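One structure below.
The values are calculated or read from the model by the stated rules, or taken from the named source; none is laboratory data. All figures in this text were calculated on a predicted structure; none of them were measured in a lab. As a convention, Cβ positions derive from the backbone with ideal geometry for all residues, glycine included, and neighbour counts pool all protein chains shown.
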Amino acid sequence: MTVNSNIGQLQLDNALSSEKFRGNVPETIRNAMRVVEVIQERYLWVDCLCILQDDESTRQVQLNNMSAIYAKACVTIIAAQGPDAQYGLRGFKGISQPRKLDQEVWSLTKGEKLIECQFSEPDTVEKDSPWYNRCWTFQEYLYSRRRIIFEADTVRWECDHAVWYEDVYETDASLKKVPLRKHWTYISRQQFHLAVAFPNLSGYGELVRAYNSKKLTHPEDALAAFAGVTTEFSRIYDGGFNCGLPEMFFDVALLWQPWRNIERRISSGARSTNSCLPSWSWAGWHGEIDPWSWQSGCDYIKTSLPAGGSLTSQRTIPILQWYSSDNVHSERRPIFSNWLTFKSCLRAPEELMQDGWSRHEHRPDNYGDLEDGLAPHEGSRFYYKHTLFPLTQFWYPIPLRDHKTESTPRHPAPLLFTRTCRAWFCIGARVHKVWYFCVPIRDANGAWAGILRIPNEEILARTRLEEGDTVTKSRSLEFIALSRGCADESRKEEPGLDEWLLEERPTTEGLYEFYNVMWIEWENGIAYRRALGRILRDVWEGQNLEWVDVTLG
């Protein structure tokens, strides 16, 4: 790989063929060079050679540009087969090692033969291969316009319009019947979210979910391997991202929950710079996040393609001002979570028009006014449209940026600061009626107060009360308030609210009101997220609350 000590030598003509470097170039890269020659292209970009690996400043610039590097490439060569880079791109006669491709052949009449086609369907083939499970390859597939994929001893071509297999001959007649051999893959569904040119927290959450369960050799690379996505999305998300969370939706983004068992990422210490794996960000944990966690941040979408509106009545109400910083001594920068800016203020139609917005009367009985997303208020009279997105209807205006503007990636700041209230509660036995590791939150009298979703079994074991234990402050867990929330009690189901169907949960007519709370533990004056949940509003406000300055790491 390229480092400061050898970059001068690698810039010489035929450097990779020299005695010093020849043995250090993996077989896959050597084969790729020949493939580039075969397809009559001139340049090949390889990350380990084209990025200066021991210069963090230039390395980060390149990582931020990964989406553009892949999107602007003529074609991306994907080596999806083999355990490592020494396996090669097998099957190119005279270039690489032969492959072991077994095909059934049946002889028919008149000398014709029936040959089994080796379709390497993206959804079914070799999902256990390292390539599919690496975080670093996520952006490679996501942003590449054209792909030559080597896997399962076959080669296929993919682009935005078609999938072609090497052993399938398409006649003119077949092309007329099926002009595009389009295969709908898991990744192409993720690519759908890239087509949305306005902020869509749900779509971004789907990308995070798909990415965060993949593997990293160095866990501290979690944000770096995703930097191309956040850089690209910073063009349309006002305020950009901090540690993987969009700042314009920060109060909602903090409420991410695990989908299944997730584990804390611990730095390997391989990088010269400090790792950035805060407990409050999904990047600090390895595993899938729950896509329903961020649904309350989509309540402004009425109807849109391909983005969908909020499918929950759950709403989030900010109550805190957050600040971020690199360390406890550096200057604190305010975070502007402003997606609700236009929702709470009444603006004249002529003022909206100056910003490209127009207001329209909402008629629920009108076929043209059918909505995908639930209205944020019962009896909403109007919806809004913007000149940049004529096919999308909004329940209320939101801050928008021109997606063609350049984005300036923000340096991750792992510490958060705020002033909030805290209280202590006890935890009950695990609730087995839900998919996740959930436990009830109980007050000092043992009454049901809320619900807590635990990230993994190890942390779950720490919450269990032994027989005979009493609820004392030293035994209870410390919770801080993050935001308020509510949901419509009339709904039969509320995905994302684990407590919705529990018999213990008190129900009333109208709204179910609660506080979003975080269980924290302190280490050297810094608080760390252990789990996230909800506590009934009346119960929380009935406690002897203490104001506390929190530094969240």
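Quick notes on this structure:
- Residues in the range 534-553 that are among the charged types (D, E, K, R) and either touching a Lys or Arg at 6+ places or on another chain (Cβ under 9 Å) or touching a residue at least 60 places away in the same chain (Cβ under 8 Å) (or both): R534, R537, E546, D549.
- Selection within the range 386-437 - β-branched (V, I, T) and either closer than 30 Å to S279 by Cβ or in a loop (DSSP other than H, G, I, E, B) (or both): T387, I398, T405, T408, T418, T420, I427, V431, V434
- Selected residue (only one of G297, G239 is surrounded by fewer than 21 Cβ atoms within 10 Å (Cβ to Cβ), in contact with an Asp or Glu (Cβ under 9 Å, 6 or more places away or on another chain) and not in a strand (DSSP E or B)): G239
- Residue in the range 1-49 that is nearest to Q97 (Cα to Cα), counting only those that are part of a helix (DSSP H, G or I) and among the hydroxyl-bearing types (S, T, Y): T28
- Within the range 344-365, restricting attention to residues that are out of contact with any Pro (no Cβ under 7 Å at 6 or more places or on another chain) and either basic (K, R) or modelled with pLDDT of 95 or more (or both), the residue that is surrounded by the fewest Cβ atoms within 10 Å (Cβ to Cβ) is R363.
- As for the range 259-280, it holds no residue that is at pLDDT 85 or above, among the basic types (K, R), in a strand (DSSP E or B) and crowded, with 23+ Cβ neighbours inside 10 Å.
- Residues of the range 51-83 that are among the polar types (S, T, N, Q) and over 19 Å from N6 (Cβ atoms): Q60, N64, N65, S67, T76, Q81.
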